[in-house]
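Heads up: the structure comes next, in structure tokens.
The values are calculated or read from the model by the stated rules, or taken from the named source; none is laboratory data. Predicted, not measured: the structure shown is a model, and the values here were computed from it. Positions of Cβ are backbone-derived with ideal geometry, glycine not excepted, and every protein chain shown enters the neighbour counts.
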Amino acid sequence: MKRKALLVLVAIACLAAVAFGQSGKEVQLRFLSLQVGVHPEAKWFEQTVASFNTQYKGKIRIVVDGVAGDQAAWEKLRTDAAADTMPDLLMVKADRSEFNVLAQSGRVVDLKPFIAKDAALKAKLNDAGALATYTDDNGRLLGIPYAKAYVGIYYNKDLFRKAGLSGFPTTWDGFLAASEKLKKSGVAPISLMTGENAWTSMLMLANFIGTSNAGMKWLATKPEAQDFSAAVFVDAVAKLQTLLEDYTTPDAVGAGYGVAANNFLQGQTAMIANGPWMIGSFSDPKSAPAGFEPKVGYALAPGNGVIAMENIAYGSGSKPSDKQAASFEFLKYLTRDDVYSAYLSTGGAAPGFKTDMSKVNYPRINKEFVPIAVAAKYKYTIFPNAVKPAVVDAMNQLLPELAAGRLSPAEFAGKCADISASN
Amino acid sequence: MSIRGDTLRFKLTAVLPALLLFSIIYLVSIGFMLTTSVFKWDSLYIEGFVGIRNYVRMFADRVESPTFYRAVLNNLSWSSIAAFVHIPLAVLTAIILAGNCRGWKVYRVILFLPHVISITAFAVIYKQVFNPSFGLLRGLFGALGIASLRDVNWLFDPAWAWPSIIVTWVFHVGFFAVIVMADIVSIPTELYESAQIDGASAARRAVSITLPLVRNTVGTCVILDITGGLKYFEGLYLMTNGGPNYRTETLALYLFQKLQLLQNSYANAIGVALLALGLFVVLVANRAFRIGRSAY
């Protein structure tokens with residue numbers, strides 16, 4: 001009898017110890033992130049996670065699962081989604097093909113119920129367009145919009161001056177004339193690339209398409225309903241062909257982003273279309289020569305247009321309710337004015353929600369550019385958002401043919417249509 | 001239990017772990033690939049049975065089949081060059097080195113060096129060599145005054161892309177030369193001595209004695225080279241990604257491109273085609289070299 005009573009007491013004591021331990025247990029969250037290594041935002045990310053861990057010590061701890069490189073990080077996330085081993089915290093990109101995969105997995109937490117209970121955060125998230133971007137077809141909000149990007153065309157003011165150009169052209173005819181002058185002055189006018197995802201070439205294609213009402217409509221069309229025979233697309237391809245044939249470096253064909261960016265940073269080309277994330281490299285001694293940053297200007301696309309893209313959001317893949325709650329705490333932490341202003345100051349991104357902009361110390365280039373971008377007549381998305389992924393994938397096959405004149409713009413458009421229909 | 005029964009049991013026990021591992025890693029994977037190639041799997045999840053739809057697409061679709069046939073052609077081209085150029089060069093090198101020419105040990109090390117450098121590093125190096133703005137070839141042909149070759153974009157010109165890819169590996173003969181050389185030095189010297197006494201020249205001895213006696217090894221090298229070429233991916237992905245306009249496409253690259261687009265079942269159908277092609281070329285090489293039959 002005494003032994004039985006003792007056993008019962010020991011069992012109760014053990015249960016109490018476990019319960020006590022559980023209530024005091026630190027929740028560990030895995031954060032799959034590409035903002036590591038040499039990523040321009042790596043320092044901000046590391047400091048943010050460290051300060052959060054310090055502030056929430058004993059309650060929540062974030063462990064970073066760093067994967068350098070956009071493509072590698074996406075493949076890891078996609079594998080996690082397929083294997084049902086989602087990270088607790090993740091970056092959700094606005095790229096439709098990636099977003100649709102995450103949405104379809106059903107494994108990203110719907111943040112709407114959490115936001116509904118948090119009046120302060122709800123008041124901050126005032127950008128309906130941004131919220132719509134990260135809401136899936138079932139009305140689930142999969143990420144807190146974090147950054148928008150206005151994407152223009154960087155140009156080297158020194159090289160422009162040497163070519164006798166006083167400013168950036170405001171019409172496409174003026175752009176081609178300026179390119180001719182730059183070419184005559186001995187410098188390749190613009191950095192382009194046909195390798196990898198043909199990023200800078202695709203940005204120029206979007207600029208050629210988007211700077212008209214018909215073009216904005218074309219870029220806003222869903223990929224499944226896209227019309228590649230439209231004159232606005234064929235004309236844009238023709239302009240891109242002119243650039244590839246006559247106004248870029250010989251190694252643009254087959255080049256990846258590194259080659260295109262390096263050509264601009266080393267003064268081999270006078271222009272490059274790219275987003276605010278490139279600003280950091282202008283003053284990075286590992287990327288550009290000393291004194292390069294002051295030479296760089298950032299302009300709207302001729303025709304008064306700018307690419308306005310939702311860029312990233314942050315979301316959660318946690319399953320247990322305690323981890324979901326902890327993840328939401330971190331997502332809220334990211335929206336603090338001090339944390340967010342540091343982020344915006346680093347990369348020059350435009351805000352995805354309401355914040356105190358007086359604390360944001362934009363790089364010079366963005367300070368000059370964002371107001372004119374906001375006032376641009378035409379605002380449009382990037383080309384990959386308007387077509388199927390297979391068409392984007394085929395660009396590095398078709399662009400060399402376009403550059404060499406082996407495909408006419410109409411034939412190029414026809415190939416895009418065939419690929420879209422077949423995939 | 002008889003000695004024969006004991007021996008059989010011992011043999012089975014000895015191979016069982018390897019057999020199990022092989023079955024799990026390879027047979028299960030191949031079975032999964034075959035099975036999913038007849039299902040719809042265009043997202044994260046496998047959906048309904050679609051029969052031979054992926055194979056019809058591969059062989060007859062207006063957009064996809066030209067890419068598939070180009071990839072098969074390139075794979076066959078690679079295999080042929082491996083069998084009729086790469087390995088013969090390796091055998092010739094082995095015969096020369098086995099003749100103990102002056103400095104043969106140094107040559108052997110130099111020839112083997114490319115095989116200790118990663119394919120990725122080589123791809124990056126060759127991209128610079130072939131770069132149309134500042135590459136080595138541009139400089140060389142510019143210095144020689146051959147403008148037509150100076151301005152070629154080697155990796156993205158339809159006429160030069162595939163030959164440029166071939167050049168990045170066909171002269172790397174060290175690995176197979178060392179294997180064949182090891183077999184050559186095991187040939188009894190008496191055979192050469194008696195042939196020499198009979199007045200046979202060095203070339204004659206190589207053709208009539210060396211080549212027949214290393215047949216098995218050369219055949220094995222051909223199979224290794226061909227199968228290595230069928231699965232070769234990294235260099236192609238980094239240098240051309242199958243371009244321009246799929247002219248340097250291979251089945252391994254095509255499969256990867258479709259995986260990137262989440263067309264998983266179609267990618268697996270390509271995998272089945274690659275497996276079939278691999279089996280075919282290995283069977284042909286096996287038959288041609290009569291591998292397994294003694295050379296003596």
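Observations on the structure shown:
- The single condition from (1) within 25 Å of A:Glu98 (Cα to Cα); (2) at pLDDT 90 or above that B:Leu262 fails is (2).
- In region B:90-117, the residue that is nearest to B:Ile179 (Cα to Cα) out of those that are free of Cβ contacts under 8 Å to residues at least 12 places away in the same chain and not in a helix (DSSP H, G or I) is B:Asn100.
- Of the candidates A:Leu244, A:Leu182, A:Leu219, the single residue that is within 14 Å of another protein chain (Cβ to nearest Cβ), outside any loop (DSSP other than H, G, I, E, B) and not polar (S, T, N, Q) is A:Leu244.
- Test for A:Ala288: is it of a type in the set (A, V, I, L, M), buried (at least 17 other Cβ atoms within 10 Å of the Cβ) and either assigned by TED's automatic domain parsing to the domain that holds A:Leu344 or assigned to a loop (DSSP other than H, G, I, E, B) (or both): yes
- Just one residue in the set A:Val92, A:Val49 is surrounded by 17 or more Cβ atoms within 10 Å (Cβ to Cβ), without any contact (Cβ under 8 Å) to a residue 24 or more places away in the chain and within 19 Å of A:Tyr146 (Cβ to Cβ); that residue is A:Val49.
- Considering residues of region B:133-163 that are outside any helix (DSSP H, G or I) and away from chain A (no Cβ under 13 Å) only, the residue surrounded by the most Cβ atoms within 10 Å (Cβ to Cβ): B:Ile146
- Some residue of region A:352-360 being among the acidic types (Asp, Glu), more than 11 Å from chain B (Cβ to nearest Cβ) and in a loop (DSSP other than H, G, I, E, B): yes
- Within region B:52-78, being in contact with a Leu (Cβ under 8 Å, 6 or more places away or on another chain) and buried (at least 23 other Cβ atoms within 10 Å of the Cβ) holds for B:Ala71, B:Asn75, B:Trp78.
- Listing of helices (runs of 4 or more DSSP H) fully contained in region B:177-296 that carry 3 or more residues being touching a residue at least 60 places away in the same chain (Cβ under 8 Å) and within 14 Å of chain A (Cβ to nearest Cβ): B:234-239, B:264-289
- For region A:382-423, filtered to residues that are polar (S, T, N, Q) and more than 21 Å from B:Tyr237 (Cβ to Cβ), the residue that is farthest from the other protein chains (Cβ to nearest Cβ) is A:Asn385.
- Residue satisfying all of: in region A:229-245; within 13 Å of A:Lys415 (Cβ to Cβ) and under 28 Å from the mean Cα position of the chain (by Cα); surrounded by the fewest Cβ atoms within 10 Å (Cβ to Cβ) among these: A:Val234
- Residues that are within 13 Å of chain B (Cβ to nearest Cβ) and in a loop (DSSP other than H, G, I, E, B), drawn from region A:247-276: A:Thr248, A:Thr249, A:Val253, A:Gly254, A:Ala255, A:Gly256, A:Gln266, A:Gln268
- Pairs where the first residue, in region A:275-288, is closer than 15 Å to A:Ile365 by Cα and the second is outside any helix (DSSP H, G or I) and among the polar types (S, T, N, Q), C-beta under 6 Å, 6+ apart: A:Ser281/A:Ser287
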